[in-house]
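The values are calculated or read from the model by the stated rules, or taken from the named source; none is laboratory data. These numbers were taken from a predicted model, which means no experiment stands behind them. Heads up, the Cβs are rebuilt from the backbone with ideal geometry, glycines too, and the neighbour counts pull from every protein chain shown.
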Amino acid sequence: MRRSSWKAIASVLSQELVTTAALLLGVSLVVFLILYLAPGDPFAALLGGRNLSGAERDAAFDALGIPRTWYGQYLAWVGHVLQGDFGISMRSGQPVARELFSSGMNTLFLTVGSLIVTLGVAVPIAAYAAVQPASLRARAGILLVYLVSALPTFWLGYMLIYFFTRKLGLFPILSGSDETQEYSWLFALLPVVLLGLGNGALSEIVRYLREEISRVMSEEYVRTARAKGASVWRHAYKEALLLPVSQIIAAKMPFVLGGAIIVEQVFNWPGLGRIAWQAAQDRDYPVIMAITLLAALVVRLGSFMHRAVYVAVNPRASQQ
Amino acid sequence: MSATPLLRIEDLRTYFYSRVKHAFVRSVDGVDLEVMRGETLGIVGESGSGKSVTMLSAMGLVTAAPGVVTGKVTFNDEVPQDLLQGLEARVEIERRDGRIMRVAKDNPSWQKQVERNLAGVRGRKISMIFQNPKMALNPFETVGQQIAESVRLHTKLNSAAEAREKALYWLDQVRIDSPRLRYDNHPFGLSGGMSQRAMIAMALAAEPRMLIADEPTTGLDATIQARIVDLLDDLKNRLGMTMVLISHDIGVISRLSNRIAVMYGGRVMETGPTAQVLDEHAEGHPYTRALLASTPRPENVTATGRLPAIEGEVLDTINVPCGCRFHARCHRINDAVRARCEAVEPELFEIAPGRRIRCWLYAPQ
């Protein structure tokens with residue numbers, strides 16, 4: 001890659017860091033306020049539902065070193081987070097950071113894997129349909145994609161589980177619960193495939209990619225490549241694949257994370273989605289705050305990746 | 001000059017299907033052309049006369065369906081090679097009253113066949129340059145990379161360093177100032193004229209037998225146009241290259257070409273040596289005469305201060321009229337030939353060696 005590209009990526013990264021910091025602060029403040037204003041008192045919950053009078057409460061706060069005002073509490077939380085301390089889960093008593101790390105890795109596996117599945121299916125179909133739009137195979141591929149995208153994730157998920165565990169008996173129903181089954185490692189792939197195919201974005205991605213590819217294929221410079229006897233894709237892949245695919249990843253990141261929640265429920269997958277679900281039900285405030293931050297960070301990461309690809313590929317962007 | 005032409009196009013037909021009008025646009029409708037070794041053939045005609053599509057079809061670069069329908073394109077380099085060989089089998093044509101009514105084409109396999117036929121010819125033996133060079137060069141790569149790619153694809157030089165040296169040599173040959181700087185420029189950093197020079201360098205870097213220049217000066221400033229024409233003239237003479245020049249600009253055509261083919265409505269109307277075809281006082285096709293009279297030159301301006309335009313509408317290539325394609329706009333049509341002009345399309349009558357005119361006025365008695 002050119003040196004100017006690296007420089008451009010570095011400058012995008014520095015811009016992105018500033019925006020991300022501001023965004024995380026904003027997101028955490030909004031979520032904090034919503035939680036603060038929501039009915040229910042975490043302090044009372046800690047005491048097992050016992051209500052304290054105002055004076056008793058203030059005294060207990062002071063004794064525990066908890067600021068009395070909401071902004072005081074928020075700033076205290078921010079201070080701890082900046083030191084890497086996300087607090088202790090109210091449900092499990094474990095440090096939030098440790099709890100989120102292991103489930104975060106599980107979700108990372110799920111989301112990245114599902115994106116790979118989505119693109120692995122979408123890119124060939126879209127490319128074929130763009131190059132041979134009238135062919136029967138292309139039409140069949142597109143139809144199949146629309147069909148799969150129209151199926152609800154939870155239904156498709158239960159169908160997959162039913163088929164593979166009950167009909168074929170290949171997987172255990174609960175992940176990791178039965179080590180003796182031969183193909184249990186394959187079980188990890190099922191939710192990945194489900195999230196990859198059934199998150200509803202597949203058809204949209206195929207349509208977008210197909211349009212981009214067929215647009216680029218009719219660009220004059222692609223005709224020039226053909227006229228000079230060069231490989232068409234060698235000239236077209238940057239604009240027809242790299243840019244749209246990175247755009248898709250950036251745009252779909254939030255939806256993939258959202259879809260992960262459902263899939264993790266269906267498959268009993270110990271990931272962030274399930275933790276988030278439980279935390280929301282249990283009002284596990286430190287966990288909710290940390291997960292929100294993490295989700296926002298991942299979404300920003302997607303957008304950084306897209307911008308980095310854009311400036312790396314586009315000479316114009318890197319020279320301005 | 002040897003007797004066999006380097007490139008021979010026979011009865012080439014390229015139709016596009018208009019979804020809006022549910023009909024074929026007959027862009028190229030039975031074109032015969034020959035390009036002799038070492039000559040420069042100029043193809044001239046109004047926009048939409050099919051001059052670009054003819055050469056794009058011959059090079060298998062027309063991708064829209066149905067595209068090339070029939071024809072034979074023979075490239076006689078060492079061994080004669082039909083560039084459109086085997087395509088008949090992939091196109092099914094239904095005729096009624098001698099007209100093509102329906103074309104069913106197996107596009108995927110047609111495309112494959114074209115790529116097979118033209119591998120080793122396109123870019124290597126026949127290079128092309130296009131109009132609008134800034135769009136026609138890959139915007140994501142430096143012009144140097146694009147020229148070096150051409151070198152590595154088509155010559156024996158294989159190492160990156162050698163290809164780079166050769167690319168710099170060609171940049172120098174097309175007289176780009178400071179080639180070493182330009183090598184690392186992207187097309188957006190170059191002016192239109194410089195982009196066209198880079199494009200020419202890229203085409204020549206393959207050391208082709210033939211160069212097809214598709215409107216190479218269209219869209220450039222007038223002064224730049226003149227310089228590109230000078231450059232092409234110089235390169236053509238020095239390299240002894242065969243060239244097909246497509247342009248609507250008669251000035252450019254007359255500067256560069258030995259022979260001219262005039263196209264109208266997807267057909268060749270007149271061919272002959274440049275001097276004869278462009279001589280306003282000599283015999284010639286009424287369309288060519290009208291075209292010459294409407295070129296902006298001081299002597300063509302009428303008393304009212306206007307240029308004479310060709311009367312009537314540009315030919316409707318969907319509902320091609322019976323008879324001569326030009327008869328509705330012809331100012332030399334007279335009662336002696338009118339009946340034939342309206343009913344039967346004339347052939348290309350040979351009025352002198354190497355000079356043919358598609359007009360009933362020149363029919364042998």
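If you take the residues of the range A:192-230 that are of a type in the set (Gly, Ala, Ser) and within 9 Å of chain B (Cβ to nearest Cβ), which of them is nearest to A:MET159 (Cα to Cα)?
Step by step, filter the range A:192-230, then rank; the result is A:SER218.
Enumerate the strands (runs of 3 or more DSSP E) found wholly within the range B:35-88, keeping only those where 3 or more residues are at pLDDT 90 or above and surrounded by fewer than 24 Cβ atoms within 10 Å (Cβ to Cβ).
Fully inside the range B:35-88 and qualifying: B:66-76.
When you scan the range A:114-153, how many residues do you find that are among the polar types (S, T, N, Q) and either crowded, with 19+ Cβ neighbours inside 10 Å or under 13 Å from A:ASN199 (Cβ atoms) (or both)?
Of the residues in the range A:114-153, 4 are among the polar types (S, T, N, Q) and either crowded, with 19+ Cβ neighbours inside 10 Å or under 13 Å from A:ASN199 (Cβ atoms) (or both).
Exactly one condition in (1) within 21 Å of A:LEU293 (Cβ to Cβ); (2) of a type in the set (Phe, Trp, Tyr); (3) surrounded by 14 or more Cβ atoms within 10 Å (Cβ to Cβ) is not met by A:PHE101; state its number.
Just one mismatch for A:PHE101, condition (3).
Out of all the residues in the range B:31-47, is one or more in contact with a Phe, Trp or Tyr (Cβ under 9 Å, 6 or more places away or on another chain) and not hydrophobic (A, V, I, L, M, F, W, C)?
Taking every residue of the range B:31-47 in turn, at least one turns out to be in contact with a Phe, Trp or Tyr (Cβ under 9 Å, 6 or more places away or on another chain) and not hydrophobic (A, V, I, L, M, F, W, C).
Looking at the structure I just gave you, is B:ASN334 closer than 30 Å to B:ALA23 by Cα, part of a loop (DSSP other than H, G, I, E, B) and polar (S, T, N, Q)?
no
Can you name every residue in the range B:130-146 that is crowded, with 24+ Cβ neighbours inside 10 Å, within 10 Å of another protein chain (Cβ to nearest Cβ) and touching a Leu at 6+ places or on another chain (Cβ under 8 Å)?
Passing the criteria: only B:GLN146.
Is it true that some residue in the range B:290-306 is assigned to a loop (DSSP other than H, G, I, E, B), among the small types (Gly, Ala, Ser) and surrounded by 13 or more Cβ atoms within 10 Å (Cβ to Cβ)?
yes
Which residue, of B:TYR183, B:TYR169, is of a type in the set (Phe, Trp, Tyr) and in contact (Cβ under 8 Å) with a residue 12 or more places away in the chain?
The match here is B:TYR183.
Step by step: first the residues of the range B:150-161, then only those that are without any contact (Cβ under 8 Å) to a residue 40 or more places away in the chain and in contact with a helix residue (DSSP H, G or I) (Cβ under 8 Å, 6 or more places away or on another chain), then the one that is nearest to A:ALA230 (Cα to Cα). Which residue is that?
Across the range B:150-161, the extreme among qualifying residues is B:ARG152.
Report, by residue number, each residue of the range B:186-214 that is acidic (Asp, Glu) and within 12 Å of chain A (Cβ to nearest Cβ).
Correct list: B:ASP214 only.
Given the criteria under 30 Å from A:PRO244 (Cβ atoms) and without any contact (Cβ under 8 Å) to a residue 60 or more places away in the chain, does A:VAL112 qualify?
Yes.
Could you list, in sequence order, all residues of the range B:120-129 that are within 9 Å of B:PRO208 (Cβ to Cβ), at the interface with chain A (Cβ under 7 Å from one of its Cβ atoms) and charged (D, E, K, R)?
Of everything in the range B:120-129, just one residue is within 9 Å of B:PRO208 (Cβ to Cβ), at the interface with chain A (Cβ under 7 Å from one of its Cβ atoms) and charged (D, E, K, R), namely B:ARG124.
Can you tell me which residue among A:VAL263, A:VAL299 is touching a Ser or Thr at 6+ places or on another chain (Cβ under 9 Å), away from chain B (no Cβ under 14 Å) and either in a helix (DSSP H, G or I) or of a type in the set (A, V, I, L, M) (or both)?
A:VAL263
Is it the case that the range B:262-275 has a residue that's out of contact with any His (no Cβ under 6 Å at 6 or more places or on another chain) and among the acidic types (Asp, Glu)?
no
Only residues that are within 11 Å of another protein chain (Cβ to nearest Cβ), without any contact (Cβ under 8 Å) to a residue 40 or more places away in the chain and out of contact with any strand residue (DSSP E or B) (no Cβ under 9 Å at 6 or more places or on another chain): list them for the range B:93-119, please.
Result: B:PRO108, B:SER109, B:LYS112, B:ALA119.
Could you list all residues from the range B:334-362 that are without any contact (Cβ under 8 Å) to a residue 24 or more places away in the chain and over 24 Å from the mean Cα position of the chain (by Cα)?
B:ASN334, B:ASP335, B:ALA336, B:ARG338, B:ALA339, B:ARG340, B:CYS341, B:GLU342, B:ALA343, B:VAL344, listed by residue number.
Please go through (1) in contact (Cβ under 8 Å) with a residue 60 or more places away in the chain; (2) away from every other protein chain (no Cβ under 13 Å); (3) more than 27 Å from A:ASN314 (Cβ to Cβ) for B:VAL174 and return the number of the only condition it doesn't satisfy.
Going through (1) in contact (Cβ under 8 Å) with a residue 60 or more places away in the chain; (2) away from every other protein chain (no Cβ under 13 Å); (3) more than 27 Å from A:ASN314 (Cβ to Cβ) one by one, B:VAL174 breaks only (3).
Does A:ALA63 satisfy the criteria of being modelled with pLDDT of 90 or more, farther than 23 Å from A:ALA279 by Cα and either exposed (fewer than 11 other Cβ atoms within 10 Å of the Cβ) or in contact with an Asp or Glu (Cβ under 7 Å, 6 or more places away or on another chain) (or both)?
no
Which members of the range B:178-208 meet the condition of being crowded, with 19+ Cβ neighbours inside 10 Å and charged (D, E, K, R)?
Selection gives B:ARG182, B:ARG197.
For residues in the range A:81-96 being surrounded by fewer than 14 Cβ atoms within 10 Å (Cβ to Cβ) and more than 17 Å from A:VAL27 (Cβ to Cβ), which is nearest to the chain's Cα centre (by Cα)?
In this case the residue turns out to be A:GLY84.
Quick one: B:GLU162 ticks every box in (1) at the interface with chain A (Cβ under 10 Å from one of its Cβ atoms); (2) surrounded by 13 or more Cβ atoms within 10 Å (Cβ to Cβ) except a single one, so which number is it?
For B:GLU162, the failing item is (1).
Would you mind stating whether A:VAL298 is in contact (Cβ under 8 Å) with a residue 12 or more places away in the chain, surrounded by fewer than 20 Cβ atoms within 10 Å (Cβ to Cβ) and β-branched (Val, Ile, Thr)?
yes
Quick one: would you say A:TRP277 is part of a helix (DSSP H, G or I), at pLDDT 85 or above and over 12 Å from the mean Cα position of the chain (by Cα)?
no
Just checking, which of B:PRO286, B:PRO273 is within 30 Å of B:VAL320 (Cα to Cα) and over 18 Å from the mean Cα position of the chain (by Cα)?
B:PRO286
Looking at A:SER92, A:SER102, which one is in a loop (DSSP other than H, G, I, E, B), hydroxyl-bearing (Ser, Thr, Tyr) and either in contact with a Leu (Cβ under 6 Å, 6 or more places away or on another chain) or farther than 30 Å from B:ALA64 by Cα (or both)?
Exactly one residue qualifies, and that residue is A:SER92.
From B:VAL252, B:VAL268, which residue is touching a strand residue (DSSP E or B) at 6+ places or on another chain (Cβ under 8 Å), at negative phi and in a helix (DSSP H, G or I)?
Being touching a strand residue (DSSP E or B) at 6+ places or on another chain (Cβ under 8 Å), at negative phi and in a helix (DSSP H, G or I) holds for just one of B:VAL252, B:VAL268, which is B:VAL252.
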